[in-house]
There are 2 protein chains.
Amino acid sequence: MKRVKCTISYDGTHFSGYQIQPNRRTVQGLLEDTLSAVHKGERVRVTASGRTDAGVHANGQVFHFDTPLSIPEEKWPVVLNTRLPDEVVIKEAQYTPEDFHARFSVKRKEYRYRVYTAQSRSPFLRHYALHHPFTLSVDDMKKAAEHLIGEHDFTSFCSAKTEVEDKVRNLQRITITEQEGEIIFSFTGNGFLYNMVRILVGTLLEAGSGSLRSEDMKDILEAKNRNQAGKTAPPHGLYLWKVEYGE
Amino acid sequence: MKRVKCTISYDGTHFSGYQIQPNRRTVQGLLEDTLSAVHKGERVRVTASGRTDAGVHANGQVFHFDTPLSIPEEKWPVVLNTRLPDEVVIKEAQYTPEDFHARFSVKRKEYRYRVYTAQSRSPFLRHYALHHPFTLSVDDMKKAAEHLIGEHDFTSFCSAKTEVEDKVRNLQRITITEQEGEIIFSFTGNGFLYNMVRILVGTLLEAGSGSLRSEDMKDILEAKNRNQAGKTAPPHGLYLWKVEYGE
């Protein structure tokens, strides 16, 4: 058996999220069905870097699977893409040592969130960016974001539903850039809690509209209480952008 | 009765084109149903600047309708947008003199066509730009385009199915710009024949890939024969971008 690492992009709009669920259309379900067909019906399991929720997109999700087939690595994308619907694209495949694990070997992840501020809704962005037709101060959001950088207990920025005990994560980098009527948030860290990026964005938008001060971020972190942070921004603006592994 | 001019944007993906047809989901059908609901069931007809085919998008389509209602013009977009699905957005509405006609008063139209040349398909562009993962010379396409500017008989660049007799049109401007992995074609003219922009793009792509020389454009125009031009580019890269009226 050889282990294959795949980098994949998908439009999450018409999926009930990444993770396989009975009677639901999921990205994992689709990948496993496709791989099983390639393996003549033999069930193939895939392991991704993590889940994404319904409506959330991926530019560079990573998963691995094991195979007895000897298909050259550059052929794997072709073999799979011809069988996958065009909402899902295998961008790259590589054989890796067997100790590579798409989830446990993750070193860093980057998520991006797209917001557009035009007065009119755009029919072309309805599944791909949050429409927020209000004045936002990018400077105020950048100041607020500074308080979030580094190692913190992110309990306030995590869905109350989560089962994870340890909520300390290291948020290494946040960038907020404005271009052509869009504001792009980028978050890079060693790990993210459930809904963390969407709550961070919801809270930063409040800082950008003046309903929170940048210093309030410190208090929100210290409160370790989900109710202190802003709303959870909707899923359709969110992209799992990149997953990095220690080489 | 007062005449209302509306500027509208729509994602053409899930429509059988603009023009109303029995038992099909069309933009015109949706607009007329929505306006009829606002007029308490009284049938309201709308007249657009022209049709767009299935899968073709609009950034700035224009239509007019007549109404006995006295809704302030800035309220019309709100009244209609709350009732329309989010694939269709009324961007602006204005009361106009009764001699304004969305089709007959057109002075100029601009169409755009998006092509992306990345090696990998993008799941996010599958409905919004043509994937053409081959080397293209923008310079060669610009040279070829120069031969198309001006008043010509565009029979070679028109679907053989068309019923229009006079195929002379004035193509005032063609721009071809490259940005962030995309090539955007823009065509401005006083009128366009059926499939004309898509055939122009299909032919310019052949010039860009070296299978046609720029001078061949002259011969293709002179032949007045659809078979001499290139393929009809697919609908999903095409946008009715802007309609201008003489003020």
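The values are calculated or read from the model by the stated rules, or taken from the named source; none is laboratory data. In this text the structure is predicted, and so the values were computed from the model without any measurement. Positions of Cβ are backbone-derived with ideal geometry, glycine not excepted, and every protein chain shown enters the neighbour counts.
Values computed for the structure shown
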quantity: Candidate set: segment B:37-58, residues that are among the small types (Gly, Ala, Ser) and more than 23 Å from residue A:121 (Cβ to Cβ); chosen: the one modelled with the lowest pLDDT; calculated: B:41
quantity: Search result, residues across segment B:88-124 that are within 14 Å of chain A (Cβ to nearest Cβ) and in contact (Cβ under 8 Å) with a residue 40 or more places away in the chain; calculated: B:88, B:89, B:90, B:91, B:92, B:93, B:112, B:114, B:116, B:118
quantity: Residue that is farthest from residue A:192 (Cα to Cα) [pool: residues in segment A:4-17 that are surrounded by 18 or more Cβ atoms within 10 Å (Cβ to Cβ) and either more than 14 Å from every other protein chain (Cβ to nearest Cβ) or among the β-branched types (Val, Ile, Thr) (or both)]; calculated: A:4
quantity: Per-region count, segment A:147-180, residues small (Gly, Ala, Ser) and under 18 Å from the mean Cα position of the chain (by Cα); calculated: 1
quantity: Selection status of residue B:36, closer than 16 Å to residue B:241 by Cβ and in contact with a Lys or Arg (Cβ under 7 Å, 6 or more places away or on another chain); calculated: no
quantity: Residue B:135 being more than 14 Å from every other protein chain (Cβ to nearest Cβ), of a type in the set (Val, Ile, Thr) and surrounded by 13 or more Cβ atoms within 10 Å (Cβ to Cβ); calculated: no
quantity: Pairs with Cβ under 7 Å, 6+ apart, first in segment B:67-80 and within 14 Å of chain A (Cβ to nearest Cβ), second assigned to a helix (DSSP H, G or I) and buried (at least 16 other Cβ atoms within 10 Å of the Cβ); calculated: B:80/B:34
quantity: Matching option when the condition is of a type outside the set (S, T, N, Q), over 23 Å from residue A:118 (Cβ atoms) and surrounded by 20 or more Cβ atoms within 10 Å (Cβ to Cβ), among B:106, B:46; calculated: B:46
